[in-house]
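Peer 1: Take a look at the following structure, please.
Bear in mind that the values in this text are calculations on the coordinates, not laboratory data. Nothing here was measured: the structure is a model prediction, and the numbers come from that model. For neighbour counting, all protein chains shown are included, and Cβ atoms are generated from backbone atoms with ideal geometry for every residue, glycine included.
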Amino acid sequence: MEGPPVISPRLLLVLAAVLCITAPASFGQKRKKLPKTDPTQCPYCHGDEAIMKAAGLVSHGGFKVGRKTTEEANQTLGTAEIYWIESEHFEIGMALGRMKVRQENKKKIRAECAQLAEHLENIPEKPKVIDQWLRAHLYAQRAEAVYAEMLQLLEVEDSIFPAPGTVWNMQGDYWGQGPYFGQEGKLEILLLPSKSHHVEWLRKSFGLRTTKTQRWHVLDTGSLHLCIHTEQGSLKVDPALHGHLVFNLSIMLTHSFKHYSYDMPIWLLEGIGHYMERKLDPKYNTFDSGEGGIAQMTKKAKWEPAVKKLVKSEKAPSLAQLARMTTYAELDLNAHFASWSFVDYLQQVHPGFLRTLIYRTSNLRNEQNLPDGSKLMEEHRAAFKEDLKMSYLIFDRRWREWVLENYASK
């Protein structure tokens, strides 16, 4: 009977060397686990550039947000788990958790998922729960929908805005300072789960101390920044949060048009915000107020009867009164109702004039051909007189007649 094979000492040394080299791979030291927010962990695009490009997406992070990078924002917000997503016109940080799909929201969510599924993988047809990655993709799609609707309202093509780095030579029409509705930087959205995260972010980023949704012009980057937390009002409910986003983005885009160089008329901004939000869902409504103030609000879904009652009682604010307002603190509930109804009236009876009004008031310049809003009210009045062929008094009368004839009483 033969004994065991004899292995030479030299061969043993070679085998030992091989084992030392291959042991970590063979016996598997644990790889460092990637965070759930890493782009490669997205089950819908996997951080794959080709898939993302087809879906109109650019990245899952690595961009500027406020005055910080996404990495610095992660550190600033600490416990907030942020899923970053960059689309054609927006840079978004989604720090909200999983969302259960409510019965009344199923049809809408399924339609939105079907749209996402045209370019992304593994999108559920009938989701019961929306995970964080899907929620990030969903809100990027919703933001782009607002952008497209505002382009349509203003009857303008996205290609008209200047390419990055373009310096206007003071000749021809002025369309702003960059490709994003006239801004140099993309619009930024940060969706946070708590008031404490919200306050901490605004304090460290902009030196602000507010617990309410904040719109901010980041002059350093030419971006408009929107910070929302869901511990306010009904914002834990998805339709309310969606409407709140639409309201704020509509105002930001109106300000962005041909560059945000000065403040547009308050009634016009608020009226457009209300109009766009209520088109989506009249059940939930957003109300701006002054810094430190409390907005006058209502939970009514039907605003037509309230406006009609204002007109009948002769308590409705006039266009002249609203046009003179320069701060959100001046808006009471009647002013909110009237601002929305003015836009509703113009869109239904005089389609195209809202576009004209925004065009005329968004690009005022002085003798040196520099942006100057000092004559904003004169241009505002001239637009009504010259393009709508109405004085403020005639507008008030025509609007009141239309309300009485077209709005329901209950």
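Peer 1: Take the cross-link list K212/K309; K283/K308; K53/K186; K258/K300; K107/K283 and give me the ones stretching past 25 Å between alpha-carbons.
Peer 2: Result: K212/K309; K258/K300 exceed 25 Å.
Peer 1: Pull out a ≥ b ≥ c, the square roots of the eigenvalues of the alpha-carbon gyration tensor of the stretch 95-238, then state rounded if a/c is under 1.5, prolate if not and a/b is larger than b/c, and oblate in the remaining case. Before the final figure, lay out the partial values.
Peer 2: Numbers: a/c = 2.65, a/b = 1.34, b/c = 1.98.
Verdict is oblate for the stretch 95-238.
Peer 1: With θ set to phi - 60°, apply the Karplus curve 6.51 cos²θ - 1.76 cosθ + 1.60 along the stretch 55-62 and write out the HN-Hα couplings as whole Hz, x wherever there is a Gly or Pro.
Peer 2: 8, x, 10, 10, 6, 10, x, x
Peer 1: Using only Cα atoms, what is the ratio of the radius of gyration of the stretch 263-410 to 2.2 N^0.38 Å?
Peer 2: Rounded to two decimals, the normalised Rg is 1.05.
Peer 1: Just add up the charged neighbours of E91: K/R +1, D/E -1, any other residue whose Cβ is under 11 Å from the Cβ of E91.
Peer 2: Within the 11 Å Cβ shell, the charges total -1.
Peer 1: Next question. Based on other C-beta atoms within 10 Å, arrange W84, W303, W201 from fewest to most.
Peer 2: Going from sparsest to densest Cβ surroundings: W303, W84, W201.
Peer 1: Just want the ordering: E184, E314, from fewest to most Cβ atoms lying within 10 Å of their own Cβ.
Peer 2: Result, fewest neighbours first: E314, E184.
Peer 1: Under the Karplus relation 6.51 cos²θ - 1.76 cosθ + 1.60, θ = phi - 60°, what is the ordered set of whole-Hz ³J(HN,Hα) values for the stretch 335-352, x standing for Gly and Pro?
Peer 2: Running phi through 6.51 cos²θ - 1.76 cosθ + 1.60 with θ = phi - 60° gives 5, 5, 4, 5, 4, 4, 5, 4, 5, 4, 4, 4, 5, 8, 9, 10, x, x Hz.
Peer 1: Among G273, L404, A316, whose Cα projects farthest towards the positive end of the dipole of the stretch 263-410, with charges put on the beta-carbon of Lys, Arg (+1) and Asp, Glu (-1)?
Peer 2: L404
Peer 1: Any idea what the alpha-carbon Rg over 2.2 N^0.38 Å comes to for the chain?
Peer 2: Taking the Cα Rg and dividing by 2.2 N^0.38 Å, one obtains 1.25.
Peer 1: Between the stretch 76-110 and the stretch 310-361, what's the alpha-carbon centroid distance in Å?
Peer 2: Value for the Cα centre distance between the two parts: 33 Å.
Peer 1: Report, to the nearest 10°, how far helix 238-256 tilts away from the longest principal axis of the Cα atoms in the chain, using its own Cα long axis and a range of 0 to 90°.
Peer 2: 70 degrees
Peer 1: Shape verdict for the stretch 259-328, please, from the Cα gyration tensor: rounded (a/c under 1.5), prolate (a/b greater than b/c) or oblate.
Peer 2: Taking the square roots of the gyration eigenvalues as a ≥ b ≥ c, the stretch 259-328 is oblate.
Peer 1: Which listed residue (S362, S339, P351) has the Cα farthest towards the positive end of the charge dipole for the stretch 333-380, taking +1 on Lys and Arg C-beta and -1 on Asp and Glu C-beta about the Cα centre?
Peer 2: Result: P351.
Peer 1: Using the Karplus curve 6.51 cos²θ - 1.76 cosθ + 1.60 with θ = phi - 60°, work out ³J(HN,Hα) for each residue of the stretch 69-83 in order, rounded to whole Hz, and write x for Gly and Pro.
Peer 2: The phi angles translate into 8, 4, 5, 5, 5, 4, 6, 5, 8, x, 6, 6, 8, 9, 9 Hz.
Peer 1: Net charge near P124: determine it from the other residues with C-beta under 10 Å of the C-beta of P124, scoring Lys and Arg +1 and Asp and Glu -1.
Peer 2: Charge balance in the 10 Å sphere: +1.
Peer 1: Still on this structure, I have one more. Largest first and in whole Å, what are the equivalent-ellipsoid semi-axes of the stretch 204-267 based on the Cα gyration tensor, each being the root of 5 times an eigenvalue?
Peer 2: Values: eigenvalues 98, 51, 19 Å².
Largest first, the stretch 204-267 gives 22, 16, 10 Å.
Peer 1: How much net charge surrounds V246 when only the other residues with a Cβ under 15 Å from the Cβ of V246 are counted, with Lys and Arg +1 and Asp and Glu -1?
Peer 2: Net charge in that neighbourhood comes out at -2.
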